[in-house]
1. Please list, ordered by first then second residue, the pairs with beta carbon atoms under 6 Å, 6 or more apart or interchain, first in region 199-228 and more than 19 Å from V184 (Cβ to Cβ), second part of a helix (DSSP H, G or I) and open to solvent by 20 Å² or more (accessible area, probe 1.4 Å).
2. Being within 19 Å of L153 (Cβ to Cβ) and either in contact with a helix residue (DSSP H, G or I) (Cβ under 7 Å, 6 or more places away or on another chain) or open to solvent by less than 40 Å² (accessible area, probe 1.4 Å) (or both) is true for just one of A247, A258. Which residue is that?
3. Any residue in region 200-208 that is more than 17 Å from W138 (Cα to Cα) and in contact with a strand residue (DSSP E or B) (Cβ under 7 Å, 6 or more places away or on another chain)?
4. Given (1) at pLDDT 95 or above; (2) closer than 27 Å to G143 by Cα; (3) assigned to a helix (DSSP H, G or I), where does E55 come up short, assuming only one miss?
5. Could you tell me which residue of region 18-28 is surrounded by the most Cβ atoms within 10 Å (Cβ to Cβ), considering only residues that are in contact (Cβ under 8 Å) with a residue 12 or more places away in the chain and farther than 12 Å from I99 by Cα?
6. Every residue in region 29-46 that is modelled with pLDDT of 80 or more and either on the phi > 0 side of the Ramachandran plot or surrounded by fewer than 19 Cβ atoms within 10 Å (Cβ to Cβ) (or both), please.
7. Please enumerate the residues belonging to region 132-161 that are assigned to a helix (DSSP H, G or I) and either at pLDDT below 95 or open to solvent by 30 Å² or more (accessible area, probe 1.4 Å) (or both).
8. Those residues that are modelled with pLDDT of 95 or more and surrounded by fewer than 18 Cβ atoms within 10 Å (Cβ to Cβ), I need them from region 1-17; list them, please.
Amino acid sequence: MTGSTPTPQELLAIAMDVAREAADTAYRMRAAGVEVAATKSTITDVVTAADRAVERQVLDALATIRPDDSVLGEEYGEEPGAGAPGATGSGVRWIVDPIDGTVNYLYGLAHSAVSLAAEVDGVVVAGVVRNVFTGEEWTATLGGGAWRAGQRLRCSTETDLGQALVATGFGYDAARRSHQARVVAGLIAHVRDIRRLGAAALDLCLAAEGRVDAYFEKGLAAWDQAAGGLVASEAGLRVAGLRGLPAGPDLVIAAPEALFAPLHDRLDDLDAAGGP
């Protein structure tokens, strides 16, 4: 499959196979007991041995299936040609979060996932998010819709921000969390309620099927949002940043069209993209 650019459906089929095996490995390692292997941005931003093992498994699988593709992963960074020396490049890049929601995973809370997306020439065209604990799986292809368990997903039809259940997340840096807490404090009186579940990819998927009405968060990396963002947008959510910017590290907002503007404006007033 390396001679020409595969279709989004072909890339999704690869992503699903690789993500399922990766999620199985993560589940087995959690059942056997998991320990913190390192920390990253702060002492609370943990990396487990499973994060590294699962990402390495994904890299090795992709190197076997599509050796000319590059991979961007949370733990090992950018690897041209999936680590294959001399690869010429195919225009396809895989973006992997081996365990999104690592702290949940560490504590045995059933809200963590393997997230794997495929870009073609910089555009995400296929993605899968698989819950490590429950096996729930969300998939999407660009223009092909978002799906779970054979059902096409449609986002919430809520039109009143005051009735919207909104998910969000917090960073690991204490100063950033303090700023984000002030944003939530300013928002909570204007929505139904707030949920903080601890795994961005899964939060985006829950928004895609209306299990929450909308989602926002500052500080997401590409691996946090690539697959889940495609699932969300293909389910009808508008996924963007503030003031016309694309979704990115400054802010990701995923909301139905009717909720996007009022949520956007409230978050803008609260300086949700500001702070550390």
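The values are calculated or read from the model by the stated rules, or taken from the named source; none is laboratory data. Because the structure is a prediction, the values reported are computed rather than measured. Virtual Cβ from ideal backbone geometry, glycine too; neighbours counted across all protein chains shown. Please note that ligands, DNA and RNA were not included when accessible areas were found on the heavy atoms of the full protein model with its side chains. Shrake-Rupley method; radii C 1.70, N 1.55, O 1.52, S 1.80 Å.
1. Qualifying pairs under 6 Å: none.
2. Details: A258 fails: either in contact with a helix residue (DSSP H, G or I) (Cβ under 7 Å, 6 or more places away or on another chain) or open to solvent by less than 40 Å² (accessible area, probe 1.4 Å) (or both).
Result: A247 is the single residue among A247, A258 that is within 19 Å of L153 (Cβ to Cβ) and either in contact with a helix residue (DSSP H, G or I) (Cβ under 7 Å, 6 or more places away or on another chain) or open to solvent by less than 40 Å² (accessible area, probe 1.4 Å) (or both).
3. Going through region 200-208, the residues more than 17 Å from W138 (Cα to Cα) turn out to be none.
Scanning region 200-208 turns up no residue that is more than 17 Å from W138 (Cα to Cα) and in contact with a strand residue (DSSP E or B) (Cβ under 7 Å, 6 or more places away or on another chain).
4. Answer for E55: the failing condition is (2).
5. Narrowing region 18-28 to residues in contact (Cβ under 8 Å) with a residue 12 or more places away in the chain: 18-23, 25-27.
Narrowing the set further to residues that are farther than 12 Å from I99 by Cα leaves 18, 20-21.
Values: V18: 23, R20: 16, E21: 16.
Per the stated criteria, the residue is V18.
6. Start the filter on region 29-46 by keeping residues that are modelled with pLDDT of 80 or more, which leaves 29-33.
Answer for region 29-46, where residues must be modelled with pLDDT of 80 or more and either on the phi > 0 side of the Ramachandran plot or surrounded by fewer than 19 Cβ atoms within 10 Å (Cβ to Cβ) (or both): R30, A31, A32, G33.
7. Initial filter on region 132-161 (assigned to a helix (DSSP H, G or I)): 161.
Those that are assigned to a helix (DSSP H, G or I) and either at pLDDT below 95 or open to solvent by 30 Å² or more (accessible area, probe 1.4 Å) (or both): none in region 132-161.
8. Just the residues of region 1-17 that are modelled with pLDDT of 95 or more, to begin with: 6-17.
Correct list: T7, Q9, E10, A13, M16, D17.
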